[in-house]
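Data block below; observations after.
The values are calculated or read from the model by the stated rules, or taken from the named source; none is laboratory data. For clarity, every value in this text was computed on a predicted model and none was experimentally measured. Cβ: placed from backbone, ideal geometry, glycine included. Neighbour counts: every protein chain shown. Ligands, DNA and RNA are stripped out before the accessible areas are found, and what is left, the full protein with its side chains, is counted by its heavy atoms. Shrake-Rupley method; radii C 1.70, N 1.55, O 1.52, S 1.80 Å.
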Amino acid sequence: MEQPGARITQHKVRRAAPVPRPAAPVGQGRAAPAGRDRAGRTPPQLLRALRRDQPVRLTGLGSGLLAVLAMLTAGLLVARLAGGSPAAYGVLFVLCCVVCALGVRPAELVAAPVGAPIAFAVGAVPVTAVAGGPGARVMAMVSFLSLQAGWLYGGTLLCALIVLGRRVVLVRRRRLARVQARRRPSRPPRSPRRSPAERARSRR
């Protein structure tokens, strides 16, 4: 006959002692995600750009609105201070085109050359303000645009060249990053939960 004590002993399951996990070094805790702050909230896009030390770029719509407002202000200043000088207005237009071409973000580079002629036409309204009815104003506006087409084409062409140069540089950087990523040797992932004893056994 089997003894009750032996039967109980056979049904007992011995559990192996858990392998102690290596303690994390001092000062190296669990890092928080890069895109979230301590409170768990996602920071705004402006703070992300500042944290990454990258210049804040304008969207396509923001670049167009900035150009329109800048040229409208320039037209008012030229009409009051410079007597409606076309040369002064043209120089300010070229500067505005350069700023918009350098400030627009890479994903919407085409928006800068498209918005430049619109900004030129809007800013020319206060410069060509003449006494008379709507017909006289329209004729003055058409005459100004036709006579100052050199400034319009020059500023737009300069804006397009800057945008094209930025596009070429961006494409080259992406290709270089891909080539460098392919040249990096691949390493097998290391499990942080493995103890030194298990690593020594696997090497044998």
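Would you pull out the residues with amide H under 5 Å of Val104's amide H, same chain only if 5 or more places away, H placed 1.01 Å from N?
Here the answer is Leu58, since their amide H atoms fall under 5 Å of that of Val104.
Dipole magnitude of the range 74-190 about its Cα centre, charges +1 at Lys/Arg Cβ and -1 at Asp/Glu Cβ only, in debye to the nearest 20?
Roughly 1560 debye, rounded to the nearest 20.
What distance in nm separates the two pseudo spin-label positions at Ala121 and Leu102, each 7 Å out from Cα along the beta-carbon direction?
The two pseudo-label positions are separated by 2.8 nm.
What are the ³J(HN,Hα) couplings of the range 147-154, residue after residue, when phi is run through the Karplus curve with 6.51, -1.76, 1.60 and θ = phi - 60°? Round to Hz, x for glycine and proline.
6, 9, 5, x, 5, 5, 5, x
Just by accessible area at a 1.4 angstrom probe, what is the order of Tyr89, Tyr153 from largest to smallest?
Tyr153, Tyr89
For the range 89-157, compute Rh as the Kirkwood radius over C-alpha pairs and then the Stokes-Einstein diffusion coefficient at 4 °C and 1.567 mPa s; write the answer in µm²/s, rounded to an integer.
Estimated diffusion coefficient is 101 µm²/s.
Subtracting the Cα-Cα distance from 0.36 nm times the residue separation, let me have the gained length for Arg183 to Leu157 in nm, one decimal.
Result: 5.4 nm gained on full extension.
Looking at the square roots a ≥ b ≥ c of the eigenvalues of the Cα gyration tensor of the range 131-176, which shape do they give, rounded for a/c under 1.5, prolate if a/b is larger than b/c, or oblate?
It is prolate, given that a/c is not under 1.5 and a/b is the larger ratio.
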